[in-house]
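Data block below; observations after.
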Amino acid sequence: LLAKAPPGFDVFNVTDRDTLTLMQLANLISAAGNGQRVRRIPYWLAACVSAAGDFVERMTGKSMPLDSRRLRVLTEPSGFSPRKLLQSGFVHPESTAEGLTRLVEWLNGAASEPGLLKEVEPSSLGPSPKAVCK
């Protein structure tokens, strides 16, 4: 894109050719990794669990794995059209499935090399979003 771009400034969302749902993306990652089927729960059950998560968060102040905010983020549609990117002449170097397969293979290899992937203390990453917003 840089070689073809006219002088000035333009914004491109670098996105896949196809818009994938979160479930499709999860299935691609699973297929690239251990191949296990992604488990699903009915929305009504997730809504009940998220309401319980909201309650526990209000009572204890501790963040829960599933609350109403997270459920909303997981279930709202999101995506960017690749139209502008493709019209610019950009050619995707590989498919989403190919890229995810290479990423999972790299992560599996990196996980087996001591010290390449290290755990980081959350406090070393800066203040938590909650601390910044208070």
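The values are calculated or read from the model by the stated rules, or taken from the named source; none is laboratory data. These figures come from a predicted structure and were not determined experimentally. Cβ sites come from the backbone with ideal geometry, for glycine too, and all protein chains shown count toward neighbours. Note: areas computed on protein heavy atoms with side chains; ligands, DNA, RNA excluded. Shrake-Rupley method; radii C 1.70, N 1.55, O 1.52, S 1.80 Å.
Observations on the structure shown:
- Here Val38, Val14 are screened, and the one residue that is of a type in the set (A, V, I, L, M) and surrounded by fewer than 14 Cβ atoms within 10 Å (Cβ to Cβ) is Val14.
- Matching residues in the stretch 7-28 - criterion: being among the aromatic types (Phe, Trp, Tyr) and without any contact (Cβ under 8 Å) to a residue 40 or more places away in the chain: Phe9
- Total residues in the stretch 61-88, condition over 18 Å from the mean Cα position of the chain (by Cα) and open to solvent by 80 Å² or more (accessible area, probe 1.4 Å): 4
- Residues of the stretch 9-60 satisfying the condition of being part of a helix (DSSP H, G or I) and either under 17 Å from Ser78 (Cα atoms) or hydroxyl-bearing (Ser, Thr, Tyr) (or both): Leu22, Met23, Gln24, Leu25, Ala26, Ser30, Tyr43, Ser50, Thr60
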